[in-house]
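Reviewing the structure listed below.
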Amino acid sequence: MTLRQPWSSPLQLVAIASAGLILLPLAYVTMLALSADPAVWARLWATRIPELFWNTFSLAGLVAILTLFLGVSTAWFVVRFDIPGRRIWEIALVLPLAMPTYVLAYVYNYLLGFGGPVEHLWQSLAGPQARIFSPQSFAGATLVMTLDTFPFVYLLTRSALLSLNVSFEEVARTCGASRLQTMWRVTLPLLRPSIVAGLALVVLYVVSDFGAVSLLRYQTLTYAVFQQMTGRSDNTAASILSILLVVFALIFLLAERWFRNKSRFYQTTGRYRAPERLRCGWLNAAGILAYLAVVVGASFGMPAYLLVQWSLSPEAQAILDSRFFGFIWNSMLLSASAATAGVVIGLPLAYLASRRPTALNLGCLQAAYAGYVLPGPVAALAVLVLCLKILPVMYGTALVLIVAYVIHFLPAGLQSLEPSLQQITPNLEEVARTLGLGVRETWQRVTFPLIRTGFVVAWVLMFLQTMKELPATLLLRPVGFDTLAIRVWLEASEEYYQLAAPSALLIVLVGLPALVLLLSRDWRAA
């Protein structure tokens, strides 16, 4: 039985209005692209689109393959082997998620660039004319994106390994299968849904990334959208490229969901027993530790060390003035405003979908996930063209930025709010109502205390995502309104590594609490 609530109608209107607000920019950009002159489509197909398609999809494909290897292998080593410092390695392998791609890109642009330390080392071994590959290339973009995104696969694979019922493997072993055969024919197929989910996150992240490809000057669809808007002021061409990007993301998400539904597995017993970790000899343990050290060092250790070193340089210390603290204030203000607005908008959507799962309420919730298929430049373009047409007075204000942030990052908040509400049985609210509590009192004294953790996690995730956001801020920020991410991009674009370091280091440090929340929810079998 579901109690009728007198405030359900206003709440329903809020949910419908929120879903409409989120879908409106995407719908407008779609209309702009479809109504474009066929000559514009023909010109783009003849000049830009084939190259952009190839660059984008080849980058996403190769990064997916490399992250598959890194993510699964590192998860396997820390879960299935009893190695020294295992708990430390479990945490260290997640740290790259705190490193934005544009920060990692500018660090490797210094390390591998012309006259950089790696080239000097290589020339001392191979001669003064020897050259290594340029980071501003397909290889450089692949390296940076792989090091930054493999933790997605690692986290989901590790979680699946910890939840795996080892009886499947024991049956295979008793049937005569070796350890290697058991891994290939039993364990990895059972992990396939989690691995595919991790790879889906990697591919969508790579396709929508702007920071790394812009600093490394590698042409992808997302970077091309930004260039069309800023370099040529051609919103029509930008909308056409945006729609192609959105269509690809939608097709990929639908294919991933279909594959996941086809690959569904169920545990045959309710009892969980952790697998016994294999004890390693000193030689095997040394090899595993060396491998993990290289991965963690390349993805987080070396970049973090350079950021600290550069931040302590006289050049960096000289910019730590009131203007720099103004950048911090701008970032904090925008992030807190966007996170608060996102939670306020997302809460009615998640609540109605969990308590009244009608087609309308579920449709409103799914509409809010449209941000998944809107990369930063596309979300910025959508908000920009709509603002110029409907509310030009808002253009050039921070409010436009906050709207773009909410549209882009609301799915991150909903991923925490929705499960938190679904885990609370409606019977608790109904009992409180029968005991005489009103709707507001029931929410304050029963529902909210139970979902408070999910509420906080949603706010923190949206806050930290906004702190790192770059393309929408570049395109929509008021004149003279810089954030930490903007300063990193501007200084790194001119190769002023020391000047960009304090802002980059602060962004990384602020991102660490999100990892603590992530790990605290993921820790199951210590």
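The set of residues from segment 120-140 being in contact with a Lys or Arg (Cβ under 9 Å, 6 or more places away or on another chain) and under 23 Å from TYR291 (Cα atoms) comprises just one member, TRP122.
Counting just the residues of segment 121-135 that are within 35 Å of the chain's Cα centre (by Cα) and more than 18 Å from TRP310 (Cβ to Cβ), which one comes out modelled with the highest pLDDT? Before you say what the answer is, go through the steps one by one.
First pass over segment 121-135, keeping only residues within 35 Å of the chain's Cα centre (by Cα): 121-122, 131-135.
When the remaining residues are screened for being more than 18 Å from TRP310 (Cβ to Cβ), the result is 121-122, 131-134.
Details: LEU121: 79, TRP122: 74, ARG131: 70, ILE132: 73, PHE133: 70, SER134: 76.
Restricting to residues being within 35 Å of the chain's Cα centre (by Cα) and more than 18 Å from TRP310 (Cβ to Cβ), the top hit is LEU121.
LEU518 meets each of the listed conditions (1) surrounded by 14 or more Cβ atoms within 10 Å (Cβ to Cβ); (2) at pLDDT below 85; (3) more than 21 Å from ALA304 (Cβ to Cβ) apart from (3). Number of residues in segment 216-241 that are open to solvent by less than 10 Å² (accessible area, probe 1.4 Å) and not β-branched (Val, Ile, Thr): the value is 8. Does segment 324-339 include one or more residues that are in a helix (DSSP H, G or I), within 26 Å of PRO10 (Cα to Cα) and not hydrophobic (A, V, I, L, M, F, W, C)? Yes. Mind checking which pairs have a first residue in segment 477-502 that is without any contact (Cβ under 8 Å) to a residue 24 or more places away in the chain and a second that is open to solvent by 30 Å² or more (accessible area, probe 1.4 Å), Cβ under 6 Å, 6 or more apart or different chains? From residues that are without any contact (Cβ under 8 Å) to a residue 24 or more places away in the chain, the pairs are GLU491/LEU499. When TRP89 is tested against (1) closer than 20 Å to ILE65 by Cα; (2) in contact (Cβ under 8 Å) with a residue 40 or more places away in the chain, just one condition goes unmet, and that condition is (1). Look through segment 486-514, keep the residues that are at negative phi and not in a helix (DSSP H, G or I), and return whichever of them is modelled with the highest pLDDT. Among them, the one singled out is TYR496. Given the structure, is LEU475 closer than 28 Å to ASN235 by Cβ, of a type in the set (A, V, I, L, M, F, W, C), at pLDDT below 85 and in contact with a Leu (Cβ under 8 Å, 6 or more places away or on another chain)? Considered against the rule, which asks whether it is closer than 28 Å to ASN235 by Cβ, of a type in the set (A, V, I, L, M, F, W, C), at pLDDT below 85 and in contact with a Leu (Cβ under 8 Å, 6 or more places away or on another chain), LEU475 comes out as yes. In summary, GLN136 fulfils each of the numbered conditions (1) open to solvent by 50 Å² or more (accessible area, probe 1.4 Å); (2) in contact (Cβ under 8 Å) with a residue 40 or more places away in the chain; (3) not in a loop (DSSP other than H, G, I, E, B) with the single exception of condition (3).
Selection of segment 309-327 for residues being more than 30 Å from the chain's Cα centre (by Cα) and among the polar types (S, T, N, Q) yields SER313, GLN317, SER322. Of the residues LEU365, LEU401, LEU349, the single one that is open to solvent by less than 70 Å² (accessible area, probe 1.4 Å) and in contact with a Lys or Arg (Cβ under 7 Å, 6 or more places away or on another chain) is LEU401.
Go through segment 372-393 and give me each residue that's surrounded by fewer than 23 Cβ atoms within 10 Å (Cβ to Cβ) and in a helix (DSSP H, G or I). Answer for segment 372-393, where residues must be surrounded by fewer than 23 Cβ atoms within 10 Å (Cβ to Cβ) and in a helix (DSSP H, G or I): TYR372, VAL373, LEU384, VAL385, LEU386, CYS387, LEU388, LYS389, ILE390, PRO392, VAL393.
For every residue, the table says whether it meets (1) touching a residue at least 24 places away in the same chain (Cβ under 8 Å); (2) within 13 Å of LEU505 (Cα to Cα); (3) not charged (D, E, K, R).
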residue: VAL308; (1), (2), (3): yes, yes, yes
residue: SER311; (1), (2), (3): yes, yes, yes
residue: ALA318; (1), (2), (3): no, no, yes
residue: LEU349; (1), (2), (3): yes, no, yes
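The values are calculated or read from the model by the stated rules, or taken from the named source; none is laboratory data. All values reported here derive from a predicted model rather than from experimental measurement. Using ideal geometry, Cβ is built from the backbone for each residue, glycine included, and neighbour counts are taken over all protein chains shown. Keep in mind that these areas ignore ligands, DNA and RNA; they rest on the heavy atoms of the full protein, side chains included. Shrake-Rupley method; radii C 1.70, N 1.55, O 1.52, S 1.80 Å.
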